[in-house]
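Here's the structure we're looking at; comments come further down.
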Amino acid sequence: MAANPMSQFDVYRIGPEIKVGAFDISFTNASLFMILSTVSILLIFNLGSKKNSILPNKIQLLAELSYTFVSKMISDTAGSKAKPYFAFIFSLFMFVLFCNMFGMIPYTFTVTSHIIVTFVLAAFIFIGVTVIGFIRHGFGYLKLFVPSGVPAVLLPLIVVIEIISYLSRPISLSVRLFANMMAGHTMMKVFGGFVISLGIVGGWLPLSFSVALTGLEILVAFLQAYVFAILTCIYLNDALNLHH
Amino acid sequence: MVKKIYFQSIFFSFFFIKEAFAAESGGMPQLNPEFWISQIFWLILTFGIMYLVLSKLILPKISNNLESRKSQILENIEAAEKQRKDSDAKLKEYDEIISKSKLEAKTIFNQAREKALKDIDAKREVLDKQIDNEIAEAEKEIDSLRKNAPDKINKIAIETSSGLLHKLIGAEVNNSSISAIVEDLSKRNGDKYYGN
């Protein structure tokens, strides 16, 4: 491992180069951790749903608690109309959570610390929500940009601001997750580097920081997954129940 | 002093590390588009497969499990409620039986007491009559005895006084004259002795 705290975000090829036309779709360490995350999600939830006992065992309890947690989150923010999108938001939450958490293991790669990954997720959500909104409300969905109860003088300004805020949703959504992950991991690496460079005499202070940061980062990993999912729910709520 | 050296060393090391970072170039690997297509491809592949498996196979099972547990719990609660009602009804029945039998026992007791009292009364009446009869007979006897008593006493008094006179004076006194005196005395003092 290099001393550069950014080198932990390097993507490198594992195995041969795979090309489809002009596109390079080689298997990389990012792909490896995506597969690891999805496979562990599927494994845990498959085990958790296999047996249906009245008194659930630990893994079943885990699966059912996650299920009720996400389903409550969706029904609280987006109402009952959002039920068909439950599976998507559940997978999204679990995927982001597991990628974040896998990143917390030393020497691993954090999939969600890459802007391209979070941006693809956010853009997919943005496009999907917009399509759902137009299907549900037709051109009435444009009323989203015209809040009620605004004086007519301010209306042109407000509409412009609303449109900009709507269009910046995928960017804010993706940058929030990516920046949080990157900053946290960089900071941990920097403090780790301090421990090495200060040695046995001065290394204890950055080491204790590092320990505290690890706890904080685990919290952030969960929190960012939650924020990502709940913002998706809020956008979905806008598209399903036009409140403005 | 030690503290000062400590913090100074941290500061300097930070400085040196910064120097070291500056030496290595590259910036953010996230902005290097070399593997963007690959990441998008693998993201869509893995996420898509995970979504399909979760939504088609696993999540319905979990929701089914939750539903079945919920319904079973509701059923159990209903059954428990029913059993509770049953036991309440049985308790009421039991209470009724107890109060009924208590009432019955009371009436039986009262009847028995009345019967016993009647028996006692009847027996007492019979006994009273018997006692009254016996008392009456005894009184009659006493009366007859009392009636005869003055005559006998007079007779004894006459004989005693004649005997006494004969021994003291040596003269024979006519019995009839003595009896006249005795009767006269007894008539005068009779009330004093018999108390009638």
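The values are calculated or read from the model by the stated rules, or taken from the named source; none is laboratory data. Predicted model, so just to flag it, every value in this text is computed and none were measured. Note that we place each Cβ from the backbone using ideal geometry, even for glycine, and neighbour counts take in every protein chain shown.
Data overview
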| quantity | calculated |
| --- | --- |
| Residue match in segment B:71-90 (condition: facing chain A (nearest Cβ under 7 Å) and surrounded by 10 or more Cβ atoms within 10 Å (Cβ to Cβ)) | yes |
| Unmet criterion (only one of (1) closer than 23 Å to B:Leu54 by Cβ; (2) at pLDDT 90 or above; (3) buried (at least 16 other Cβ atoms within 10 Å of the Cβ)) for A:Leu43 | (3) |
| Matching residues, segment A:129-141, being without any contact (Cβ under 8 Å) to a residue 40 or more places away in the chain and either within 14 Å of A:Tyr235 (Cα to Cα) or surrounded by 15 or more Cβ atoms within 10 Å (Cβ to Cβ) (or both) | A:Val131, A:Phe134 |
| Scope segment A:77-97; condition among the basic types (Lys, Arg) and within 12 Å of another protein chain (Cβ to nearest Cβ); matching residues | A:Lys83 |
| The lone exception for A:Ala22 - which of (1) within 26 Å of B:Ile44 (Cβ to Cβ); (2) more than 8 Å from every other protein chain (Cβ to nearest Cβ); (3) surrounded by 13 or more Cβ atoms within 10 Å (Cβ to Cβ) it fails | (3) |
| Matching residues in segment A:54-72 - criterion: being part of a loop (DSSP other than H, G, I, E, B) and at the interface with chain B (Cβ under 9 Å from one of its Cβ atoms) | A:Ile54, A:Pro56 |
| Criterion: touching a residue at least 12 places away in the same chain (Cβ under 8 Å) and either β-branched (Val, Ile, Thr) or farther than 30 Å from A:Ala63 by Cα (or both) - qualifying residue of B:Ala105, B:Ala122, B:Ala112, B:Ala157 | B:Ala157 |
| Residues of segment B:38-48 satisfying the condition of being at the interface with chain A (Cβ under 7 Å from one of its Cβ atoms), out of contact with any helix residue (DSSP H, G or I) (no Cβ under 6 Å at 6 or more places or on another chain) and surrounded by fewer than 17 Cβ atoms within 10 Å (Cβ to Cβ) | none |
| Selected residue [within 10 Å of chain B (Cβ to nearest Cβ) and in contact (Cβ under 8 Å) with a residue 60 or more places away in the chain] from A:Asn100, A:Asn46, A:Asn29 | A:Asn29 |
| Qualifying positions in segment A:82-108 - surrounded by fewer than 24 Cβ atoms within 10 Å (Cβ to Cβ) and among the aromatic types (Phe, Trp, Tyr) | A:Tyr85, A:Phe86, A:Phe88, A:Phe93, A:Phe102, A:Tyr107 |
| Some residue of segment A:204-221 being under 23 Å from A:Phe102 (Cβ atoms) and among the polar types (S, T, N, Q) | yes |
| Among residues of segment A:142-180, those that are assigned to a loop (DSSP other than H, G, I, E, B) and either within 27 Å of the chain's Cα centre (by Cα) or surrounded by 11 or more Cβ atoms within 10 Å (Cβ to Cβ) (or both), counted | 5 |
| Among the candidates B:Asn196, B:Asn148, residue that is in a helix (DSSP H, G or I) and modelled with pLDDT under 95 | B:Asn148 |
